1. Run the count for the stretch 3-78, please: Lys pairs, Cα-Cα under 16 angstrom, 8 or more apart or on different chains.
2. Using amide H atoms built 1.01 Å from N in the peptide plane, name the residues 5+ places from Lys36, or on other chains, whose amide H lies under 5 Å from its own.
3. Hey, what do the phi angles of the stretch 59-64 turn into as Karplus ³J(HN,Hα) couplings, whole Hz, using 6.51/-1.76/1.60 and θ = phi - 60°, x for Gly and Pro?
4. Once amide H atoms are placed 1.01 Å from N in the peptide plane, what residues at a sequence separation of 5 or more from Asn53, or on another chain, have their amide H within under 5 Å of its amide H?
5. So what is the relative contact order of the stretch 36-90, in percent, for Cα pairs below 8 Å that sit 6 or more residues apart?
6. Please list the non-local residues whose amide H lies under 5 Å from the amide H of Thr75, H modeled 1.01 Å from N, same-chain partners needing a gap of 5 or more.
Amino acid sequence: MAKKLYVGGLPYSTTEDSLRDAFAQAGSVESATIIKDKMTGRSKGFGFVEMSNDDEANKAIEMWNGKEFEGRPLTVNEARPMEARPPRRDGGFNRGGRGGQRDNW
């Protein structure tokens, strides 16, 4: 069964292909994804690599965690499921101002 790894500390110039190639040294890579900012399309400096099995995933962690990749040290560990976040109170709009209060004008 495939195992997903979190990869942090990626240089902003890293491509999904270069990430896949690096982790392929440890075994079969099912997928390599770099997380990007929705507004700018720029890398957020982390991503996920899915390895074919647990042994290859463990080898990749051993091979890359704390090691330098394209000039930066990586943090590599088993990915955890994303935790549910509470809904935003401001509906996602933080415009400042009076917080919705009306003036008596």
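1. Details: Lys3/Lys59; Lys4/Lys59; Lys36/Lys44; Lys59/Lys67.
Going through the stretch 3-78 pair by pair, I get 4.
2. Lys44
3. 5, 5, 4, 4, 6, 10
4. Lys3
5. Values: 25 pairs, mean separation 9.8, N = 55.
Result for the stretch 36-90 is 18 percent.
6. Amide H to amide H, under 5 Å and 5 or more residues apart or across chains, Thr75 pairs with Gly8, Gly9, Gly66.
Computed from the coordinates by the stated procedures, all read-outs in this text should not be read as laboratory data. Just so you know, these numbers come straight off a predicted model, no measurement behind them.
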